[in-house]
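Structure first, then comments.
Quick note: the coordinates plus some simple rules give every number you see, no bench work behind them. Computed from a predicted model, the values in this text were never measured in an experiment. Cβ coordinates were reconstructed from backbone atoms using ideal geometry, including for glycine residues, and neighbour counts include every protein chain displayed.
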Amino acid sequence: MFHNSRSSHLNIPSSSWLSFIGASALIVASVFAPSAAHAFSEDICFHYVDPQAKSGDVIPYAFNCWNVQCTDSPKPENAPAGCVVKGTGRYLKATIEKGLHARNTLHFDSLFLFSRMLGLSFDDAFDTAAYSEATDLVGGYVNTDQYGKAMTARKTDNLQGITRLNTQTGGYSYHFVPWLRTEDHALSTSLTYDKAYLRHGQTSPYANSEALINHLRVWAFGRRQTLCDFGLIKDQNNPLSACFSEDDKKTIFVSIPYVFIDCDKCRGENTFKVAWQKISPTNAGACTDIDSDNTAEVCVYDPDYAAKIHGTPKSLGIYLHVMADRLSHDHCTNPAFITEGWDRKQPMPEKMAAGTDYSVWFPDSCGTINHMEKHYPETGHKKLPLRSVKTLAFSYLEIQDWVKASKYFASHPQQRAATPRPGYPKLHETQKIVQMVGNALKQADAGDRNKALCEIALNGYGVTPWHDGSTDCKYPAK
């Protein structure tokens with residue numbers, strides 16, 4: 001298949017869920033559509049010439065993914081955010097039925113650019129970007145060339161266990177990223193970055209309360225091999241501490257909304273044991289559909305997968321995606337925290353058993369429709385929201401730190417950081433680089449965004465080819 005697919009893993013019997021949904025096509029689309037499963041919204045799309053065939057020739061130019069939803073207002077500066085929700089059914093049909101290819105310039109293109117600028121090889125830069133993108137996708141990510149055709153040799157592993165709707169593995173925590181609250185914390189906090197963390201005697205640029213972010217960072221930087229559910233470990237003061245095991249009998253209660261923010265029945269609640277984080281199935285056929293409509297699956301996960309890729313560009317990409325989602329979903333993640341027991345203003349839910357060790361309650365602002373509307377202005381508009389700017393800055397700084405921490409140039413002596421050409425920011429000028437890349441992401445047309453980023457890479461820093469194979473940044477005209 002050419003397109004990248006997604007799947008929802010709702011711990012709700014399929015028949016009762018769908019009967020509750022009833023005849024509302026909008027709600028069904030909101031739950032199961034790929035646009036409801038992404039983090040930063042996909043903004044670059046390609047279509048087949050014959051979309052019904054899901055194969056064959058591709059129309060060789062990119063278009064804004066939201067054009068599928070906002071057919072009456074295809075220009076982003078004129079389209080209200082609500083059209084992204086109202087047109088979800090069209091996007092669902094285009095993606096599932098017609099093989100729409102989609103990717104995001106913040107999760108993929110920008111990371112590829114930063115990685116190449118800072119000295120990573122083409123393959124390593126691709127892995128960083130592709131595994132970031134694949135964190136949103138079931139079945140892995142396949143990139144396209146400059147003409148929109150699938151580059152089938154460049155496919156990621158299946159990261160099904162950490163997709164946004166996977167409630168069986170807690171995968172949603174990699175997108176709606178909760179923080180760990182202690183008694184001295186407020187009820188809401190934002191993700192901040194301390195550039196001088198080493199001088200301040202810290203091991204991370206983030207606050208200690210960012211348990212999952214710090215946990216993934218240690219793993220991506222090669223200091224630990226295992227990953228644990230929600231970043232919860234036996235000793236939270238020791239980043240190398242072991243995961244809880246089945247014998248430890250630690251449990252966490254989770255309450256998360258699925259669809260409308262005012263629909264109690266659309267909130268999923270579950271209690272499960274805290275152990276190692278399941279990421280990738282053992283093989284392509286390890287997941288079995290159990291209800292014939294692809295809404296629930298049972299998978300066999302590779303317990304050694306995290307160890308296999310720790311400290312590599314693949315793990316770096318996954319970590320950067322989660323960090324970006326902590327920022328992208330700040331309307332949800334800032335007030336979403338993990339606590340021991342139940343330490344909140346709301347009464348303890350009936351479904352939460354006494355003696356449960358941890359709980360995390362995701363507020364109504366995490367609902368799917370609210371989530372979709374928040375994503376719409378993040379690229380392709382005249383002004384980027386602060387969360388997009390912060391994502392660019394944090395990602396650039398973290399790739400820079402990863403290169404140093406991994407001693408990348410010592411193990412890759414043929415690689416070196418790019419030399420900026422006249423008129424382009426030097427590599428230490430983070431603010432100017434973020435502004436430069438941010439200006440590229442403001443381009444209203446998807447093809448123009450791709451071209452602008454390509455030109456920064458090739459013309460500004462001499463790194464070639466671009467991730468789609470282009471060596472001249474010339475793309476087919478519409």
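When the Kirkwood radius is taken over all Cα pairs of the range 301-399, what Stokes-Einstein diffusion coefficient follows at 25 °C and 0.890 mPa s, in µm²/s? Let's see the in-between values first.
Values: Rh = 16.4 Å.
Rounded, D is 150 µm²/s.
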Between rounded, prolate and oblate, where does the range 161-375 land on the alpha carbon gyration tensor, with a ≥ b ≥ c its root eigenvalues, rounded for a/c under 1.5, else prolate if a/b exceeds b/c? rounded
Within the range 333-423, which trypsin sites (Lys or Arg not before Pro) sit in a loop by DSSP and count at most 14 neighbouring Cβ atoms inside 10 Å? ARG344, LYS345, LYS351, LYS382, LYS383, LYS407, ARG416
How many nm is it between the label spots at LYS155 and ALA410, if each spot is 7 Å from the Cα in line with the beta carbon? 3.7 nm
Ordering of 445-457, 324-336 by packing [mean C-beta count within 10 Å, highest first]: 324-336, 445-457
Measure off 7 Å from each Cα along the Cα-to-Cβ vector at ASP247 and LYS351, then give the distance between these two points in nanometres to one decimal. 3.2 nm
Order the peptides 216-227, 195-206, 143-154, 121-132 from the highest to the lowest mean number of other Cβ atoms within 10 Å of their residues. 121-132, 216-227, 143-154, 195-206
ASP343 versus GLN431: modelled label distance in nm, points set 7 Å from Cα along the beta carbon direction: 3.7 nm
Nonlocal amide H pairs with VAL58, under 5 Å, H built at 1.01 Å: VAL49
DSSP-defined antiparallel bridges as percent of all bridges, the range 161-375, nearest 5: 75 percent
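What's the extension gain from ASN283 to THR464 if we count 0.36 nm per residue and subtract their Cα-Cα distance?
Details: separation 181, 0.36 × 181 = 65.16 nm, distance 3.36 nm.
Full extension from ASN283 to THR464 adds 61.8 nm.
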